[in-house]
1. Name, by its number, the condition in (1) more than 30 Å from Asn24 (Cα to Cα); (2) open to solvent by 30 Å² or more (accessible area, probe 1.4 Å); (3) charged (D, E, K, R) that does not hold for Lys133.
2. In the set Asp194, Asp145, which member is open to solvent by 70 Å² or more (accessible area, probe 1.4 Å) and either touching a helix residue (DSSP H, G or I) at 6+ places or on another chain (Cβ under 9 Å) or assigned to a helix (DSSP H, G or I) (or both)?
3. Quick check on the stretch 77-87. Is at least one of its residues among the hydroxyl-bearing types (Ser, Thr, Tyr), assigned to a helix (DSSP H, G or I) and in contact with a helix residue (DSSP H, G or I) (Cβ under 7 Å, 6 or more places away or on another chain)?
4. Taking interchain pairs and intrachain pairs at least six residues apart, which have beta carbon atoms under 9 angstrom, with the first residue in the stretch 158-186 and in contact (Cβ under 8 Å) with a residue 24 or more places away in the chain and the second of a type in the set (Lys, Arg)?
5. Please pick out the residue among Arg104, Arg114 that is in a strand (DSSP E or B), open to solvent by 20 Å² or more (accessible area, probe 1.4 Å) and not β-branched (Val, Ile, Thr).
6. Which residue is least open to solvent (accessible area, probe 1.4 Å), if the candidates are limited to the stretch 152-178 and must be in a loop (DSSP other than H, G, I, E, B) and more than 14 Å from Phe196 (Cβ to Cβ)?
7. Would the stretch 70-80 turn up any residue that is free of Cβ contacts under 8 Å to residues at least 24 places away in the same chain, in contact with a strand residue (DSSP E or B) (Cβ under 7 Å, 6 or more places away or on another chain), surrounded by fewer than 21 Cβ atoms within 10 Å (Cβ to Cβ) and under 19 Å from Lys133 (Cα atoms)?
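The values are calculated or read from the model by the stated rules, or taken from the named source; none is laboratory data. Since the structure is predicted, the reported quantities are computational estimates derived from the model, not experimental observations. Ideal geometry is used to build each Cβ from the backbone, glycine not excepted, and the neighbour counts take in all protein chains shown. What goes into the accessible areas is simple: the full protein's heavy atoms, side chains included, and nothing from ligands, DNA or RNA. Shrake-Rupley method; radii C 1.70, N 1.55, O 1.52, S 1.80 Å.
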Amino acid sequence: MENYNVSFGARRIGTANIRAKIDNKWKEIPVSFVRLHPKTNRGDKEALASVTKMWQGKNLSGSIQEQSEICNNPVFALTTQNENFKNINPKKILGMLTTNDFKRNTEDTVEIFRVGVNPKYAYTQNKNKRDIKHIGAALIKKFVDLIDKRTNVQRVVAIAEEPSEARFLEKLNMKEKNSNFKYTNFEINKENFDEFVK
């Protein structure tokens, strides 16, 4: 049974499925969905710094680390790690996202600010060479599932600053809401959460 206890800062929230190439065939495999607490947990802070270094600051890793330190934004991640979540292994982190701080009784909107995937598995960098895929999609869907089950949030908004990010969110069937010269907002509303996370 999955633990969706956001209020008490659960470390491992549940599992998500991604696709991995095993024996030259694509198969679904489970990975852990975790919440990191870099502002209050030194190990999590060091893990994020290590990810930024390993990813060479690419794929928003540096921005995710900075947001967590300056703004204390929550960080959620997918990892192949399946035990000892008090000591997150940065080498096993597949993808991360930051969001605004939200509570169980939040009633309006939760925003996804940044989504970053390990460059080794990112579509834009290694489309034809990667042996793991659907990390970003699984991360967002699992996050929306968490929001749906444990809060009163009415919509989740994701911000796209690059055309590739906008194409990715469109492919996930998030709807473009508004845009300006810097970014485009995409959203999914509560009535569509169940369908979205399938």
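1. With respect to (1) more than 30 Å from Asn24 (Cα to Cα); (2) open to solvent by 30 Å² or more (accessible area, probe 1.4 Å); (3) charged (D, E, K, R), Lys133 is out only on (1).
2. Details: Asp145 fails: open to solvent by 70 Å² or more (accessible area, probe 1.4 Å).
Exactly one of Asp194, Asp145 is open to solvent by 70 Å² or more (accessible area, probe 1.4 Å) and either touching a helix residue (DSSP H, G or I) at 6+ places or on another chain (Cβ under 9 Å) or assigned to a helix (DSSP H, G or I) (or both), namely Asp194.
3. No, there is no match, as no residue in the stretch 77-87 is among the hydroxyl-bearing types (Ser, Thr, Tyr), assigned to a helix (DSSP H, G or I) and in contact with a helix residue (DSSP H, G or I) (Cβ under 7 Å, 6 or more places away or on another chain).
4. The qualifying pairs are Ile159/Arg114; Ala160/Arg167; Leu172/Lys141; Thr184/Lys177; Asn185/Lys177; Phe186/Lys175; Phe186/Lys177.
5. On inspection, the qualifying residue turns out to be Arg114.
6. Asn152
7. No; the residues of the stretch 70-80 include none that is free of Cβ contacts under 8 Å to residues at least 24 places away in the same chain, in contact with a strand residue (DSSP E or B) (Cβ under 7 Å, 6 or more places away or on another chain), surrounded by fewer than 21 Cβ atoms within 10 Å (Cβ to Cβ) and under 19 Å from Lys133 (Cα atoms).
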